[in-house]
1. Whole angstrom only: what separates the Cα centroid of region 215-238 from the Cα centroid of region 134-182?
2. Send over the semi-axes of region 149-238's equivalent ellipsoid, whole angstrom and largest first, taken as the square roots of 5 times the C-alpha gyration tensor eigenvalues.
3. In 5 Å bins starting at zero, report the fraction of Cα pairs in the chain per bin as a rounded %.
4. FRET efficiency for PHE177 and ASP144, Cβ-Cβ distance as r, R0 = 22 Å, nearest 0.05?
5. Antiparallel versus total DSSP beta bridges in the chain: what percent is that, nearest 5?
6. For a 31 Å ceiling on Cα separation, which of these pairs sit above it: LYS103/LYS224; LYS143/LYS211; LYS59/LYS109; LYS122/LYS210; LYS24/LYS122; LYS70/LYS211?
7. 5 Å is the cut-off here: which amide hydrogens, built 1.01 Å from N in the peptide plane, fall below it relative to TYR205, excluding neighbours closer than 5 in sequence?
8. Enumerate the calculated ³J(HN,Hα) couplings along region 104-109 in order (Karplus 6.51 cos²θ - 1.76 cosθ + 1.60, θ = phi - 60°), each rounded to whole Hz, writing x wherever the residue is Gly or Pro.
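Bear in mind these aren't lab numbers, they're just calculated from the coordinates by the rules spelled out. These numbers come from a predicted model, not from an experiment. Ideal geometry is used to build each Cβ from the backbone, glycine not excepted, and the neighbour counts take in all protein chains shown.
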Amino acid sequence: MEAPPEDGPIHQWTSQDEFPARLKKYWWQRQSIWDRYDQGIWMTEDAWFGVTPEPIANKIAAHVAESAPKEKNILIDAFAGVGGNAIAFARQGRWDQVFAFEKDPDALKCARHNAEIYGVDKKIVWVKGDCLSEISRRFNGQKDNIVLFASPPWGGVEYGDEDVFDLSKMEPYSLEFLYEKFNKYSSSTILYLPRNSDLNQIAKYAPESKKLEVAHYCIRGASKALCVYFGDFDFESE
Ligand SMILES: C[S@@+](CC[C@H](N)C(=O)[O-])C[C@H]1O[C@@H](n2cnc3c(N)ncnc32)[C@H](O)[C@@H]1O
């Protein structure tokens, strides 16, 4: 397997000695984050904070596949990062096309490489750039065909200090901003948000007398994050 470019922000850390001390806890978690870590996964330092662990990404991919309208066949991952979710969606096999948007070129290089390790790099259309402009440019008028998944930045790790995280303060994109934006492109949108997100803020988007599905995703009994399923998902028939 190819090695990452030398002296850059992309790493294939193979021993604890070379691993950054400030990220130590992720060294111990590496194999629960990536089952194939030892096959040569590439990461940037920042990516450790945001990557979706593989068991959670797989569970989300299964839930989305089961509950999304059957006629929709395009899956967009708006914030692909190093590929945690995009790879799981592509491996799931439910989608005719998976599009992965990422504005950080180093993260995108990692994602493509990591997808190769999982054998799905060719099943994903990789788009380098700002999803907020690129999605509208590419998918205008295709709202009925698209399921949109977004794991946005949460604005650092400080969200964890709060009992209840105020989603209007999420940086750089608030809940309201993301909802308004993505609702234009898809009537089936999933947002991956901090586990302590303010559910009252989320509930404002529930349609009149209907439920809005919120699922916590856990590892070893502890919630890691939650997903909100906005729009025409059907969990009743499961
Ligand atoms: C939380 S991480 C996503 C992690 C991803 N789900 C994974 O498993 O690797 C958020 C990512 O969004 C990217 N990003 C932020 N704003 C963006 C934008 N406007 N368009 C595309 N990517 C963006 C960041 O560079 C970062 O890699």
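1. That distance is 16 Å.
2. 21, 17, 12
3. Binned Cα distances yield the sequence 1, 6, 14, 19, 20, 18, 12, 6, 3, 1, 0, 0.
4. 0.40
5. Counting DSSP beta bridges with both partners in the chain, the antiparallel share is about 45 percent.
6. LYS122/LYS210; LYS24/LYS122
7. Those lying under 5 Å, H to H, from TYR205: there are none.
8. Running phi through 6.51 cos²θ - 1.76 cosθ + 1.60 with θ = phi - 60° gives 8, x, 6, 4, 5, 4 Hz.
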